[in-house]
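Contents: one structure, followed by commentary.
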Amino acid sequence: MTLSVTWTVRQPLDAARLEECVWAAARSDEFILKSASEQLEDRLTRDLPEWQAVGVSGLAGAVLVLTLSAEDDANAVVVKGAEATASAAVAAAVRSGARRLSVGDRPGGRWVVTDVTTREQQWPADHGARTDATTERTRREVVVVREPSSIAAVTDADAILLDLSGAQEVRVAGELAVLLTRDDATAACWRALRNHGQPVGRRFHHEHVGVNARVDELNARYVLAELAEHADRADRLRGMRGELVGAWSDAGAQDVPDAAVGGGVAIGARSRLAAALADAGVSVRPWHPGRVLVPVHGGWGPDHLDVLRDLQVVASGVAR
């Protein structure tokens, strides 16, 4: 089958917008380079009055801050169902001994990191026992999401980790994540670690004059500009996924709006549709056992959807 479209799994950055943000960050004469970061934090909590946001440098940086804010115990942060990067960040923090260098009050307790896609399996709807039976420490859940529209659905958690680097609803020029909490003490601890704490790594002393602070500011500016179009893009993505779920029903299609590999539509890995997609050069990602995920992003147009719907016809008689 000859295709007239190009398949990618991420929508390209807006070059003109990126250039504008680069120049704005480069020209800034602020002593503390965080005005855009603070605006982004305010924007993300605009409709969540009880919540506070703390921007950090990527998923690994966010998990490191979580680890340093927990009780002084090697098992104070447990990763359940979140991507491997989160587990690696916790292990690195423990191995490095950075926790011994981190001083000041910690909110305490034990963080349990779950992922929005597997949350119900890893952390039951009733959230199970909120206290660890062996240590009598409070367990607090942090849910990892990628899409801004996913935040509202997980506000029953104790904290939220928005990993914008994996988002489809907004594009980001580099690594960027935001931690959200309702607890004042926790937010204050996270900010102190981000702004001043040596163990946070690359942000140490770069809050004031470093190149890395300008990179963080650039990313925040770019995401702020993207959020102005977020609602329309989220609606468009939701509509495209809905069309494909309907067209691919025989392949057991499932809407996956938020995933570490990019939101999209999951289908049977051994279905004829999956084979037809592979033959057509459409990128798919491994998903749960026996499933693959077809990432869907805002750069696709009507032609892409037409081709994908036609592939269902080519793969008629799909087996689940």
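Run R241 past the list (1) at pLDDT 90 or above; (2) buried (at least 20 other Cβ atoms within 10 Å of the Cβ); (3) farther than 26 Å from L44 by Cα and report the number of the one that doesn't hold. The failed condition is (3).
Of all residues in segment 221-245, those satisfying the criterion of being small (G, A, S) and touching a helix residue (DSSP H, G or I) at 6+ places or on another chain (Cβ under 9 Å) are A225, A231, A234. Somewhere in segment 137-147, is a residue modelled with pLDDT under 90, basic (K, R), over 29 Å from T117 (Cβ atoms) and not in a loop (DSSP other than H, G, I, E, B)? Checking segment 137-147: not a single residue is modelled with pLDDT under 90, basic (K, R), over 29 Å from T117 (Cβ atoms) and not in a loop (DSSP other than H, G, I, E, B). Return the residues of segment 141-162 that are touching a strand residue (DSSP E or B) at 6+ places or on another chain (Cβ under 7 Å), among the charged types (D, E, K, R) and closer than 26 Å to D232 by Cα; say none if nothing qualifies. Hit for segment 141-162 is R146, nothing else. Condition check for T134 on (1) within 30 Å of V22 (Cα to Cα); (2) β-branched (V, I, T); (3) at pLDDT below 85: one failure, at (1).
Taking segment 137-166 as the range and being out of contact with any helix residue (DSSP H, G or I) (no Cβ under 8 Å at 6 or more places or on another chain) and hydroxyl-bearing (S, T, Y) as the test, the residues that pass are T138, S150, T155. Inclusion of A253 among residues that are modelled with pLDDT under 90 and within 27 Å of the chain's Cα centre (by Cα) is not warranted. Here's a check for you: in segment 93-107, which residue that is modelled with pLDDT under 65, in a loop (DSSP other than H, G, I, E, B) and surrounded by fewer than 20 Cβ atoms within 10 Å (Cβ to Cβ) is nearest to the chain's Cα centre (by Cα)? The residue in question is G97.
The values are calculated or read from the model by the stated rules, or taken from the named source; none is laboratory data. Since we're looking at a predicted model, the values are computed, not measured. With ideal geometry, Cβ positions are generated from the backbone for all residues, glycine too; neighbour counts draw on all protein chains shown.
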